[in-house]
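So the structure is just underneath, and the comments pick up after that.
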């Protein structure tokens, strides 16, 4: 950023609210869309989603879904929370339809495909289950006066239900909440850099460091309630997508969606890599991933984020000069370098822990064509990707 842009930043500080980000909840919505009430025309669809874990035991979930009415979403005046609630419902019904039997469905019937497409278009995301619906919008707070954390949140929607499925999602939600102070510190950091305010910058970096310590503590709790075998065989199968998936090599046909012209579509499955937390931190600390197919994958995953979160990541990439500022001042103020390195090391620790869990929960499990232990739910050779991203984090420590 040139000096003129820095002065502009002083006059126009970054507003978290403009990007649907809050100091209290980070990228999570302050009021979960899971509690939003849809209009009456959705009642049969909502009921099917509510009873999904029961219907999944009957082997007749496809017949149920095929019998649901086709809702004309464009005729319904839905607000943002309602749209996100509807996206959650149709995402789960779609993935249940596709993956409920050993042979996946190659065609999504129009009564589900058309409204799902209409909802996804309004939200600016592909019509597939993504992290935003699976975790960020899929919770209810028990006591509104207490934090968004395990013990005070319930999962709203399941495929099969059970502790392991809930716990896997709960961990991700708490991570999002624990990241809130780190995200909230970003405008302060940008202002401090622009104004050469080292004391304020140190305080903000300490807030990010503390947040990452809490994030990693939450991440380490995954084995408490989610068993690797149960995760792999009863949780993971339903969150796959239909891009780079040998079970659906051509993708999925969305029947009746004119924009797709009857051609199969390929969309990536749900993955925590669709969260905006780590991309935002990479942007802030200027952790660069080499331009290769792995980086292209990270950029592609932004298409699955909520639109304003995607814009937030891009804005931080555009305006953060934190790394250069620290390099200029670190000899005079060694604490700046230490805090910068502490934060980068904690991000690396998060990636290392993620890599270890991926090996235990996926790579070491016995696979099948519908659940390949060598391919992530996002359709990538995930072990290779995770190792690369971890190594590139450590390469950005300042000496």
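The values are calculated or read from the model by the stated rules, or taken from the named source; none is laboratory data. Treat the numbers as computed from the prediction; the structure is a model and nothing was measured. Every residue, glycine among them, receives a Cβ derived from its backbone with ideal geometry; neighbour counts consider all protein chains shown.
The set of residues in the range 258-273 that are at pLDDT 95 or above and more than 17 Å from residue 93 (Cα to Cα) comprises 258, 259, 260, 261, 262, 263, 264, 265, 266.
For the range 149-182, the tally of residues that are farther than 16 Å from residue 133 by Cβ and assigned to a loop (DSSP other than H, G, I, E, B) stands at 8.
When the range 100-113 is filtered for residues that are assigned to a helix (DSSP H, G or I) and buried (at least 21 other Cβ atoms within 10 Å of the Cβ), the ones remaining, listed by number, are 112, 113.
The conditions of being at negative phi and over 15 Å from the mean Cα position of the chain (by Cα) are met by residue 220.
Only a single item in (1) over 23 Å from residue 309 (Cα atoms); (2) in contact (Cβ under 8 Å) with a residue 60 or more places away in the chain; (3) in a loop (DSSP other than H, G, I, E, B); (4) out of contact with any strand residue (DSSP E or B) (no Cβ under 9 Å at 6 or more places or on another chain) is not met by residue 146, and it is number (2). Scanning the range 261-276 for residues that are in a loop (DSSP other than H, G, I, E, B) and surrounded by fewer than 24 Cβ atoms within 10 Å (Cβ to Cβ) yields 261, 262, 263, 264, 266, 267, 271, 275. Exactly one residue among 223, 249 is assigned to a helix (DSSP H, G or I) and either surrounded by fewer than 21 Cβ atoms within 10 Å (Cβ to Cβ) or at pLDDT 95 or above (or both), and that residue is 223.
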